[in-house]
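Working notes, structure below.
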Amino acid sequence: MVKYLLFDIDDTLFPSTEFSALARKNALNAMISMGLDDDFDPINARLLSIIEKKGSNYPGHFNDLCSQLGIQEPGKYIAAAVAAYHDTKTSIAPFPKVPPTLLRLRESGYRLYIATQGNSIKQWDKLIRLRIALYFEGVFVSEELREDKGPAFYKKVLSALDAKAGDCMMVGDREDTDIAPARAVGMKTVRVLSGRQATLPTKADFVIKDISEIIPILRDL
């Protein structure tokens, strides 16, 4: 019987792909407004290449961009980009049905947790800004567990919860970090078809397009 529900954050609880695109757009436009002599499309392509190589948690994306562009005094451009990027965070919101679904799950007796890849402070920042942090009893972040989201990560989660794999369900949008490794340790899995990963094939036990669809799945179980 499922007792523990583990949720990814990005593109599971909020549309992070859409937010990231908007934040990058605002940041680059801020750099251009400060006098950067370049067009949006080419510098956006450079930025995306940097993000792909260094990862989304790398803190020096705009520093590297200025370096590639040969900017001798990059301070004002980096500051403008970072300020615009963080200002965009004020607009983030969860998918509409996330808060009522989480509330209903808690009221039904399920124990809710986050299981996420990334930097602890950044992931907590998202949960707090989304105003959903208090729905969860705990947050498992790869940085703190010192394991990327693979089978070893989920084994550490099971140990921390003192739970059997069959009593846990992982809900996420990525096959490689949410579904496959959770299934490998025996957890039930729900794939949310959202974001950049939505069209990829899945071996999840269940597939949903909206987080509220988890309610009838759990009822049938």
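When you filter the GluC sites (Glu not before Pro) in the stretch 91-175 for DSSP loop state and at most 13 other Cβ atoms inside 10 Å of their Cβ, you are left with GLU137.
Around HIS86, what is the net charge, scoring Lys/Arg as +1 and Asp/Glu as -1 over all other residues with Cβ under 13 Å from its Cβ? Spell out each step's value before the answer.
Values: positive: ARG24, LYS89, LYS122, LYS126, ARG129; negative: ASP87, ASP125.
Neighbourhood net charge equals +3.
Per residue of the chain, the DSSP helices (runs of n ≥ 4 H) give a summed -39500 (n - 2.57) that works out to -13500 deg cm²/dmol at 222 nm. Note on the chain: the C-alpha convex hull projects to 12.3 nm² when averaged across all orientations. With K and R counted +1 and D and E -1, the other residues having a Cβ less than 11 Å from that of ASP178 yield a net charge of -2. Residues considered: MET170, MET31, MET187. Largest GNM mean-square fluctuation over the chain, using C-alpha springs under 10 Å, is found at MET31. When you work out D = kT/(6 pi eta Rh) for the stretch 94-134 at 20 °C and 1.002 mPa s, using the Kirkwood radius from C-alpha pairs as Rh and the Stokes-Einstein form, the result is 191 µm²/s.
Out of every Cα-Cα pair that the stretch 17-91 contains, those further apart than 13 angstrom amount to 63 percent. Spatially, the stretch 106-149 and the stretch 153-221 are offset by 15 Å when compared through their Cα centroids.
Every number here is computed from the coordinates shown, using simple stated rules; none is lab data. Note that the structure is predicted; figures quoted are calculated from it, not measured. Cβ atoms come from the backbone with ideal geometry, glycine included; neighbour counts cover every protein chain shown.
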